[in-house]
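S.K.: Starting off with a structure, shown below.
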Amino acid sequence: GKATAMSEFLEAERANASFDTRELTYFLDGGQKRTLQRERIEALVESDPVFTNSDLYNLTRPERHRRAMQKQRRLLELSKIHGHRVSELRAAVHDMLGTDLQS
């Protein structure tokens, strides 16, 4: 699909870069350790079914609100289980949650 074509395009462009794109990522993230930590957190969040958005457009407004609260609760649970700060986990969730105005 369109996303796959874009991903392939980006990979091809990265391969043709005159600099090491991974080193640039490390620089932008503040170092290799931070990049690897961010990637672990993103993988943790992305693999959790609570954070899926595949049905988001089919949900009613109350259902979307309930889902956002489920995501907030799950962030707290993941923080407790894995020892990450909630703010680190929240950065890996790429949608608005009901409590964003309070953070």
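The values are calculated or read from the model by the stated rules, or taken from the named source; none is laboratory data. On a predicted model such as this, the values are computed, not experimentally measured, just so you know. All Cβ positions, even for glycine, are placed from backbone atoms using ideal geometry, and neighbour counts span all protein chains on display. Only protein heavy atoms, including side chains, enter the accessible area calculation; ligands, DNA and RNA are left aside. Shrake-Rupley method; radii C 1.70, N 1.55, O 1.52, S 1.80 Å.
S.K.: Determine ³J(HN,Hα), in whole Hz, for all residues of segment 33-48 in sequence, where each value follows from phi through the Karplus function 6.51 cos²θ - 1.76 cosθ + 1.60 and θ = phi - 60°; x replaces Gly and Pro.
M.R.: In residue order, the calculated couplings are 4, 5, 4, 5, 5, 4, 5, 5, 5, 4, 5, 4, 5, 5, 8, 8 Hz.
S.K.: Let me ask another. Report the Stokes-Einstein translational diffusion coefficient (µm² s⁻¹, integer) for the chain, Rh taken as the Kirkwood radius over Cα pairs, at 25 °C with viscosity 0.890 mPa s.
M.R.: Details: Rh = 15.9 Å.
This corresponds to a translational diffusion coefficient of 154 µm²/s.
S.K.: Please list Leu10, Leu44, Leu75 in order of solvent-accessible area, largest first, computed with a 1.4 Å probe with all protein chains present.
M.R.: Leu10, Leu44, Leu75
S.K.: I would also like to ask the following. Calculate the translational D of segment 35-85 in whole µm² s⁻¹ from Stokes-Einstein, where the hydrodynamic radius comes from the Kirkwood formula applied to all Cα pairs, the temperature is 37 °C and the viscosity 0.692 mPa s.
M.R.: Translational diffusion coefficient: 274 µm²/s.
S.K.: Shifting gears a bit: Which value, in debye to the nearest 20, gives the size of the charge dipole of the chain about its Cα centre, when Lys and Arg are +1 and Asp and Glu are -1 at the Cβ?
M.R.: Values: 17 positive and 16 negative charges, 117 e Å.
Using only the charged Cβ atoms, the result is roughly 560 debye.
S.K.: Once the piece of chain linking Asp20 and Gln37 is laid out straight, how much longer is it, given 0.36 nm per residue of separation minus the C-alpha distance between them? Show your work: numbers first, answer last.
M.R.: Numbers: separation 17, 0.36 × 17 = 6.12 nm, distance 1.97 nm.
That works out to 4.2 nm of additional length.
S.K.: Run lengths n ≥ 4 of DSSP H only: what is the helix-derived mean residue ellipticity at 222 nm for the chain, with -39500 (n - 2.57) per run over all residues, to the nearest 500?
M.R.: Computed ellipticity for the chain at 222 nm equals -20500 deg cm²/dmol.
S.K.: Counting only protein heavy atoms, what percent of the accessible surface of the chain is carbon or sulfur at a 1.4 Å probe? It would help to have the intermediate numbers written out before the result.
M.R.: Numbers: 4340 of 7930 Å².
C and S fraction of accessible area: 55 percent.
S.K.: Under 13 Å from the Cα of Lys80, which aspartates and glutamates turn up, not counting those fewer than eight places away in the same chain?
M.R.: Glu88
S.K.: Further question: Using a cut-off of 13 Å between alpha-carbon atoms, which aspartates and glutamates can reach Lys71, once sequence neighbours fewer than 8 places away in the same chain are excluded?
M.R.: Glu46, Asp48, Glu63, Asp95, Asp100
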